[in-house]
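To keep things clear, I will list the structure first and then write my remarks on it.
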Amino acid sequence: MKFDLFVENLIQKFKPSSAETVAILPGGFKPPTSGHFCGLKYLLEEADKGIVFIGKKERDNFNITPEQSKQIWEIYKKYLNKPVEIYISDKTPIASTYEYADTHKNTNIIVGAGP
């Protein structure tokens, strides 16, 4: 319990008070599943908006292209209560996340990660 309070105090100390909070979910998403959708929905509870970075590689076992993955996410975002931007990463989804963080230094960023 004390550790949780310590971490929360650190977060509050370093969190810009009036900054926008963005939830980022990077991944391959071939295909985007209901688990991915629920993960982003959960992240959005603490954010003002969301960003999904989709991997540019096609997965052989599912034959789903990055463009098809983006189309599915475009449907999913209609059912989320906050604005969500969907991008196909020109590098990797993680590299795109780092690049976003580097260019948005006054933004609070929440990053979702899976196994």
Inset, instruction - Check K91 against each of (1) touching a residue at least 40 places away in the same chain (Cβ under 8 Å); (2) open to solvent by 40 Å² or more (accessible area, probe 1.4 Å) and name the one condition it does not meet. - result: (1)
Legend entry - Criterion violated by F62 - all others in (1) part of a helix (DSSP H, G or I); (2) over 23 Å from T107 (Cα atoms); (3) in contact (Cβ under 8 Å) with a residue 24 or more places away in the chain; (4) not basic (K, R) satisfied: (1)
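Conditions (1) under 19 Å from G35 (Cα atoms); (2) in contact with a strand residue (DSSP E or B) (Cβ under 7 Å, 6 or more places away or on another chain); (3) of a type in the set (D, E, K, R), marked per residue:
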residue: I54; (1), (2), (3): yes, yes, no
residue: I86; (1), (2), (3): yes, yes, no
residue: S89; (1), (2), (3): no, yes, no
residue: N106; (1), (2), (3): no, no, no
Inset, instruction - Scan segment 40-55 for residues that are within 9 Å of the chain's Cα centre (by Cα) and either closer than 13 Å to A113 by Cβ or β-branched (V, I, T) (or both) and report the count. - result: 5
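To keep it simple, each residue is scored yes or no on (1) surrounded by 14 or more Cβ atoms within 10 Å (Cβ to Cβ); (2) modelled with pLDDT of 95 or more; (3) touching a Gly at 6+ places or on another chain (Cβ under 8 Å).
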position	(1), (2), (3)
N9	no, no, no
L43	yes, yes, yes
E46	no, no, no
I51	yes, yes, no
I64	yes, no, no
K70	yes, yes, no
Legend entry - Criterion violated by T97 - all others in (1) open to solvent by less than 50 Å² (accessible area, probe 1.4 Å); (2) modelled with pLDDT of 95 or more; (3) in a loop (DSSP other than H, G, I, E, B) satisfied: (3)
Legend entry - Sole exception among (1) part of a strand (DSSP E or B); (2) touching a Lys or Arg at 6+ places or on another chain (Cβ under 8 Å); (3) not charged (D, E, K, R) for F53, by number: (2)
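The values are calculated or read from the model by the stated rules, or taken from the named source; none is laboratory data. Quantities reported herein were computed from a predicted structural model and do not represent experimental measurements. Positions of Cβ are backbone-derived with ideal geometry, glycine not excepted, and every protein chain shown enters the neighbour counts. Heavy atoms of the whole protein, side chains included, go into the accessibility calculation; ligands, DNA and RNA do not. Shrake-Rupley method; radii C 1.70, N 1.55, O 1.52, S 1.80 Å.
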